[in-house]
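Here you go, one structure.
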Amino acid sequence: MSQEGRTVRCPMCRQETTWRENPHRPFCSERCRLADLEGWLAGRYVVASDPEGSAPPTDADLSEGQSATELREKT
């Protein structure tokens, strides 16, 4: 699908804005773009991660003939 005539909603203020020739996309303006950046810098947004110790098993964790699924079921 071509992006040319497409309109999108700004993730900050929900105002519709055009995609084409918008230097601030997906935001509608520099103000909304900077407000989003401020949220990241202030720690209001976080990216979820696996709890400590729940990393997938490595080859060293597996005994001969044991699958990663079997190992996870034991823990």
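Quick check on this structure: which one of Gly43, Gly65 is at pLDDT below 90 and exposed (fewer than 10 other Cβ atoms within 10 Å of the Cβ)? Quick ask: steps written out before the conclusion?
Numbers: Gly43 fails: at pLDDT below 90.
That would be Gly65, the only listed residue that is at pLDDT below 90 and exposed (fewer than 10 other Cβ atoms within 10 Å of the Cβ).
With respect to Leu71, determine if the residue is at pLDDT 90 or above, among the aliphatic types (A, V, I, L, M) and outside any loop (DSSP other than H, G, I, E, B). If you could, list the steps in order and put the result at the bottom.
Values: at pLDDT 90 or above: no; among the aliphatic types (A, V, I, L, M): yes; outside any loop (DSSP other than H, G, I, E, B): yes.
For Leu71, the condition - at pLDDT 90 or above, among the aliphatic types (A, V, I, L, M) and outside any loop (DSSP other than H, G, I, E, B) - is not met.
The values are calculated or read from the model by the stated rules, or taken from the named source; none is laboratory data. All values derive from a computational prediction rather than experimental measurement. Don't worry about glycine lacking a Cβ; one is built from the backbone with ideal geometry, like all the others, and counts go over all protein chains shown.
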